[in-house]
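Have a look at the structure below before the remarks.
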Amino acid sequence: MKLEIRKASIKDLDALTKVEASCFPVAEAATRVSLEQRIKTFSESFFVAEIDGTIIGFVNGCVINGTVIYDKLYEDSTLHIPEGKYQTIFGLDVISEYRNQGIAAKLMNYMIDVSKVAGRKGVILTCKAKLIHYYTKFGYVNMGISESVHGGAKWYDMVLDI
């Protein structure tokens with residue numbers, strides 16, 4: 001079993017849509033159309049985890065100049081600023097059969113490394129309370145309750161300075 005992390009491509013769209021649907025409730029999951037726009041707009045920050053040719057997870061997010069994710073970002077990929085200061089994480093997905101094996105951590109570290117190479121000031125994300133502890137392991141700092149109401153959930157803003 002060899003894990004490969006690579007850039008997403010449009011040919012991955014069906015698999016990515018299935019992974020997203022398996023990882024998030026309907027109200028929070030990115031749609032097929034949204035995932036397609038993300039691949040087309042910011043493929044340089046959309047990476048898949050693949051084992052033996054099968055996509056088992058992914059990480060993605062646009063780049064902005066602010067330090068918080070706001071809901072409009074999920075809907076409008078044109079808000080991506082290629083030379084922006086902060087890499088967002090919209091989703092860190094791993095299908096259930098492959099969880100608790102360090103794959104999400106490898107995806108996260110890959111995105112952090114790519115962000116460093118690109119000269120970003122940091123990486124930002126929102127998460128639910130139960131995941132704050134997980135993200136602090138990477139060095140993220142909890143900035144408090146987010147203004148995001150994406151999917152009707154309560155989110156926390158997390159920032160990693162790099």
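The values are calculated or read from the model by the stated rules, or taken from the named source; none is laboratory data. Everything numeric in this text was worked out from a predicted model, so none of it was measured. As a convention, Cβ positions derive from the backbone with ideal geometry for all residues, glycine included, and neighbour counts pool all protein chains shown. Please note that ligands, DNA and RNA were not included when accessible areas were found on the heavy atoms of the full protein model with its side chains. Shrake-Rupley method; radii C 1.70, N 1.55, O 1.52, S 1.80 Å.
Here are the numbers:
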quantity	calculated
Condition check for Lys116: farther than 16 Å from Ala8 by Cβ and either out of contact with any helix residue (DSSP H, G or I) (no Cβ under 8 Å at 6 or more places or on another chain) or open to solvent by 30 Å² or more (accessible area, probe 1.4 Å) (or both)	yes
Residues that are more than 28 Å from Gln101 (Cβ to Cβ) and either β-branched (Val, Ile, Thr) or in a loop (DSSP other than H, G, I, E, B) (or both), drawn from the stretch 134-153	Ile145, Ser146, Glu147, Ser148, Val149
Among residues of the stretch 100-133, those that are within 16 Å of the chain's Cα centre (by Cα), more than 25 Å from Glu44 (Cβ to Cβ) and not in a helix (DSSP H, G or I), counted	1
Complete set of residues in the stretch 1-42 that are open to solvent by 70 Å² or more (accessible area, probe 1.4 Å), out of contact with any strand residue (DSSP E or B) (no Cβ under 9 Å at 6 or more places or on another chain) and closer than 15 Å to Thr54 by Cβ	Lys11, Asp14
